[in-house]
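Below: one structure, written as C-alpha cells.
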Amino acid sequence: MPKVIRNPAGLSKITFTLRVYSNLVKDYIEDRSIFRSKGFAGEKALEVYPHLRENILNSLRGIFNIDELNLLVGIINLDKYPPRIVTSVKELVGIIEERKKFIKDISDKIDYNSLVSKIDALDNNQIIVFSEWLITFISFEGKKNFKEYSKRLTNPT
C-alpha cells in the first residue's frame, strides 16, 4: 500500500470556525456521500475557492466602470443586515431595480439599461463571485480606498 503524504508542501495548519448562514451550504458540507467530514469539505472549499475566484474576477475585468462599481457597492450596502452573496443574475437585477432610487448622488451618472445589460450578460458563477467582491469591499468599513480596490476589475490585463 502506498504511503500517503499529508502535507507535501510543508504548509502550516490553520484552524478556525466559520458561521454558515445557508442551509444549502450546511447540508452540502454535512453530506457524507460527498465528503467524509465537515472539516474535509471545508478544507476542499478553501483549497478550490481562491482559484475559482481569481479566474472569475479576471473574466470580469473591464466590464464595469468605476462609477458602476461604486453604485453597486452602494446598492448592496443598503442591506439592513450584513450584505449577503447574490446567487443569480435575476436576483442582482431585482436588487438594483428595487434600490436604485436610494442612491441619487451616484445614480445620475449611470445608464441603468447599460448596467443591467452588462449584468444580464454574466453567468450565475460570475454573479456569485462579483457580489462577494462587492461585499468584501463593504466589510472593510472604509479602511480601503475604493479607487484602489476597484482597479482589480477596471484595469485591463
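Every read-out reported here was derived from the displayed coordinates using simple, explicitly stated rules and does not represent laboratory data. None of the values given here were measured: they were computed from a predicted structure. For neighbour counting, all protein chains shown are included, and Cβ atoms are generated from backbone atoms with ideal geometry for every residue, glycine included.
Axis angle, to the nearest 10 degrees, between helix 66-76 and the longest C-alpha principal axis of the chain: 70 degrees.
The peptide list 61-70, 23-32, 79-88, put in order of mean Cβ contacts within 10 Å with the highest first, becomes 61-70, 79-88, 23-32. Loop-located GluC sites (Glu not before Pro) in region 95-155 (DSSP state other than H, G, I, E, B) with a sparse environment of at most 11 neighbouring Cβ atoms within 10 Å: Glu141.
With 22 Å as the limit on Cα-Cα distance, the pairs of Lys118/Lys143; Lys80/Lys101; Lys80/Lys100; Lys109/Lys147; Lys118/Lys147; Lys109/Lys151 that go past it are Lys118/Lys143. Relative to the longest principal axis of the Cα atoms of the chain, the long axis of helix 38-60 lies at roughly 40 degrees. From the list [x] 1.03; [y] 1.43; [z] 1.23, can you say which value of Cα Rg over 2.2 N^0.38 Å was derived from the structure given? Of the listed options [x] 1.03; [y] 1.43; [z] 1.23, [z] comes from this structure. Helix 89-99 and the long axis of the chain differ in direction by around 40°, with both axes built from C-alpha atoms. Per residue, the average separation of C-alpha pairs within less than 8 Å and at least 6 apart gives the chain a relative contact order of 30 percent. For region 116-149, the set of trypsin sites (Lys or Arg not before Pro) satisfying both a DSSP loop assignment and a count of at most 16 other C-beta atoms within 10 Å is given as Lys143, Lys144.
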